[in-house]
């Protein structure tokens, strides 16, 4: 063990502590590590292994090693592009809607801040599926679509059953996820910087662009990622609000796993989805952080 | 001293930066887990909680002679809304048994769950074409016919189907067809065949057509139009069917197995490739009473839903009691009048509401029955058909 230190008493204390400290740290991290390993690392590993297999006779996985499933992923890549398109548009839309709202709550709401934040949270207490169904009425021919049909005299106008309906549904569903990180960064922003900028003669927009935006950039990044990732995997909203006509990668996975019961093919698509998201997010981070002095990304 | 340490600690932690490499790693893991979570959590929206909560409605009734001690629980895995609630309550009261009713959205989900290791269910209700796979997978066991005397009440023409020729593994539940639902108030043109359905859907009623979200049912239309078997697996013939489906794709309003009756009711859709289930409800409502169901002249799919007892059923006595009791004529009559599907029970047919009996949509006449074809399990798994379906789904948007 530790040889008794000859000199100051603190030396002995320092040598004993690391051993116990690491043990305690290890023990504290154990539940989280176990959770991550069992529910994340192991399943991911299984998915990758399955992706090289082939479909068992009555559905499922049969051990094999082939790249056939990945070939199919590359051949039929439309759902990936559709998902990428909708998730990107959805993320942008949530940002455009969420940023002004977060800005207002963080800087102008004053006494009502708490109530407004609560109002943002309350819808989460209802099942997402039920809220999606309620959009069927709001956006349907007796709701918004009917209104626009009458206003523009175009009886064929529809919102539901098109990508627009899916976009609206997704934006609505994930808006709070974008607003919260933005709200936190905006709230913590040092307001005196804005005053200083104005004192130095910058107009409102210049101040926003040069001072506010770079400071809240970490919040924008966090919010975007929090919103983009679930949107990529979305399948309930295309099924309900898209009337089953929008075929996204989530729908393709359901077809593979539940209808065709071809687990290897579905696993290959899942791996493809993860790879696509990694590439997209890496590019996104690089793009936003280029030209910044500090090469670090601070999250909130 | 301690305060300054605390301040230092706070200051240090606030300045702490996550460097980019570790953030990317974390984001990647988060993304991966989120993707998996999104995909899997989406799939469980269809499983509902138990609906057969025991509020013992005292029927003060006669109790059936028990064959062995009837357990106090029974777990049924079934389609949603497929057993008359009054029958559930009656059984629960009769035997002091609590019935837990879990639902699945389609046969593939049932099979996937069983293959995934789900257990604890006593009875399930698949469509008969899935029997071979369930038998092969060892999920269901042969039934002890001596405990189900009511099997003698079955219509012989429904028994001995190709999926279980000796009726060893199943008790028939309901049968029916896949056909065309139409709002006659709006669609006044003659409609008796798949060909006419296709012409109307791609022509005058474009954008007002709904199809159920089921491979096996939708493929019936092009294959029967071409005069082929609906179990066709020949690639050349499937290519012809594919062309027809792709021609139809831009005119389809929705692929929907759950709410297609709502779209018919609001007249958002006027033509539907579906089942007879919603027919009774639509006909009861005066606004939608013009709805009709047509069995197309080229022929169509015959489906048979069956009761099976799972191999690891924890409550075998209650299971057998249910399998026999559900086919008591008056119980079966209540079932038919509740869910609107045809019963294979000849004794029940004698006491069923004559209006239902006379309805060719629900009880097809003999000449129509002759043109029906059951699904073939080999066809269900055929890769070309599945690819066709995926392609059709992709082309809808």
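The values are calculated or read from the model by the stated rules, or taken from the named source; none is laboratory data. What you see is a predicted model; the values in this text were computed from it and never measured. So basically every Cβ, Gly included, is an ideal-geometry build from the backbone, and we count neighbours across all protein chains shown.
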How many residues does the stretch B:107-155 hold that are more than 14 Å from chain A (Cβ to nearest Cβ) and at pLDDT below 90? 2
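What about residue A:255, is it closer than 23 Å to residue A:69 by Cα, modelled with pLDDT under 90 and assigned to a helix (DSSP H, G or I)? Let's see the steps before the verdict.
Details: closer than 23 Å to residue A:69 by Cα: yes; modelled with pLDDT under 90: yes; assigned to a helix (DSSP H, G or I): yes.
Taking the combined requirement at face value, the residue satisfies it.
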Across the stretch B:224-244, which residue is surrounded by the fewest Cβ atoms within 10 Å (Cβ to Cβ) among those that are touching a helix residue (DSSP H, G or I) at 6+ places or on another chain (Cβ under 7 Å) and part of a helix (DSSP H, G or I)? B:235
Would you be able to say whether some residue in the stretch A:278-299 is at pLDDT 90 or above, part of a helix (DSSP H, G or I), more than 7 Å from every other protein chain (Cβ to nearest Cβ) and within 23 Å of residue A:68 (Cα to Cα)? yes
Exactly one condition in (1) within 10 Å of chain B (Cβ to nearest Cβ); (2) over 18 Å from the mean Cα position of the chain (by Cα) is false for residue A:40; which is it? (2)
Of the residues in the stretch A:98-120, how many are under 22 Å from residue A:173 (Cβ atoms) and touching a residue at least 40 places away in the same chain (Cβ under 8 Å)? 8
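Would you mind stating whether residue B:221 is touching a helix residue (DSSP H, G or I) at 6+ places or on another chain (Cβ under 6 Å), over 14 Å from residue B:384 (Cβ atoms) and surrounded by fewer than 21 Cβ atoms within 10 Å (Cβ to Cβ)? Even if it seems obvious, please write down each step before you answer.
Details: touching a helix residue (DSSP H, G or I) at 6+ places or on another chain (Cβ under 6 Å): yes; over 14 Å from residue B:384 (Cβ atoms): yes; surrounded by fewer than 21 Cβ atoms within 10 Å (Cβ to Cβ): no.
The answer is no for residue B:221.
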For residue A:145, the lone unmet condition from (1) crowded, with 18+ Cβ neighbours inside 10 Å; (2) over 26 Å from residue A:253 (Cβ atoms); (3) away from chain B (no Cβ under 14 Å) is (3)
Would you say residue A:217 is within 14 Å of chain B (Cβ to nearest Cβ), closer than 30 Å to residue A:80 by Cβ and surrounded by fewer than 24 Cβ atoms within 10 Å (Cβ to Cβ)? yes
Looking only at strands (runs of 3 or more DSSP E) that fall completely inside the stretch B:151-223, which ones have 1 or more residues that are farther than 23 Å from residue B:376 by Cβ? B:179-183, B:209-211
Counting only residues that are buried (at least 20 other Cβ atoms within 10 Å of the Cβ), farther than 21 Å from residue A:57 by Cα and over 15 Å from the mean Cα position of the chain (by Cα), the stretch B:102-122 contains a total of 2
